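Participant: Following this message is one structure expressed as structure tokens.
All of the numbers you see were taken from the coordinates with simple rules; none came from a lab. It should be emphasised that the depicted structure is a prediction, and the values quoted were computed from it without experimental measurement. A quick note on method: Cβ atoms are made from the backbone with ideal geometry, for glycine too, and the neighbour counts reach across all protein chains shown.
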Amino acid sequence: MTEKAAAPLVVGIAGASGAALGVRVLEACRELAVPTHLVASRAAALTLAEETGLDLAELSAKATVVHRPGDIGAPIASGSFPTRGMLIAPCSVRTMSEIATGVTASLMTRAADVTLKERRPLVLMVRETPLHLGHLRTMTALAEMGAVIAPPIPAFYARPASVAELIDQSVGRALDLFGLSWERVRRWGRDLGPIAAGDEG
Ligand SMILES: Cc1cc2nc3c(=O)[nH]c(=O)nc-3n(C[C@H](O)[C@H](O)[C@H](O)COP(=O)(O)O)c2cc1C
């Protein structure tokens, strides 16, 4: 196995709504045999409990390695530790803004900063609405630095029949950005759209 193939995905879960996105990222990576290094913020523990009923121990069991949010000595705080990149799902405005400033006070934002400086993919599933000009400017700054802003906006063309399907589509499309193809993604021209319809008929 090459070093890239064996390298873990760093998964951040911040305290924005949508904790289930992070849970599904960890579960998808397990299905794809991709190791994960998890860091969840303190606020994420709140949203996780509120929205999914899971506690941090149950979340942690889904990751390969778990880091405390204040552990700035963790391997993922250094660029010398090889990773595939970092996905923050969901990403709060607070965490997004901290990454954009470079004043990275937690392991989550330090790991994101390292991901950017090493020119590895950093994907932020920022969840807030509506967005004010400051949010939009921060997103622009991050895009200019090389981050991918990937809000978990539903893909209605995939005709999700449930919230679970909607989440899986968003998670799978975010994993696509790391070259990870998860079978649960419904793809235009394969599962959906004119080619798929033609195949059926
Ligand atoms: C139930 C709940 C839902 C929240 N939803 C959002 C959200 O969608 N987006 C956001 O930016 N912050 C949201 N917040 C606020 C963040 O949790 C708060 O700004 C926190 O300081 C973020 O910290 P973190 O970035 O370290 O996770 C929510 C808070 C709670 C309790």
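Participant: Return the total of residues in the range 54-75 being more than 16 Å from the ligand (Cβ to nearest atom) and assigned to a helix (DSSP H, G or I).
Facilitator: The total comes to 4.
Participant: I'd like the residue in the range 128-150 that is in contact (Cβ under 8 Å) with a residue 40 or more places away in the chain and part of a loop (DSSP other than H, G, I, E, B) and, out of all such residues, is farthest from residue 76 (Cα to Cα).
Facilitator: The selected residue is 128.
Participant: Here's something else I'd like to know. Cβ-Cβ distance below 7 Å, separation of 6 or more or different chains: which pairs start in the range 154-169 with a residue that is over 17 Å from residue 189 (Cα atoms) and end on one that is in a helix (DSSP H, G or I)?
Facilitator: Within 7 Å, the pairs are 154/166; 167/20; 167/21; 167/24; 168/24.
Participant: If you don't mind, another one. Which ones in the range 157-174 are in contact with a helix residue (DSSP H, G or I) (Cβ under 9 Å, 6 or more places away or on another chain) and over 14 Å from residue 22 (Cα atoms)?
Facilitator: 157, 158, 159, 160, 163, 165
Participant: Something else about it: Can you tell me which residues in the range 32-53 are more than 9 Å from the ligand (Cβ to nearest atom), under 18 Å from residue 83 (Cα atoms) and in contact (Cβ under 8 Å) with a residue 24 or more places away in the chain?
Facilitator: 32, 34, 35, 36, 37, 38, 39
Participant: Looking only at the range 89-127, count every residue that is within 15 Å of the chain's Cα centre (by Cα), in a loop (DSSP other than H, G, I, E, B) and either under 13 Å from residue 14 (Cα atoms) or within 12 Å of the ligand (Cβ to nearest atom) (or both) and tell me the total.
Facilitator: The qualifying residues number 2.
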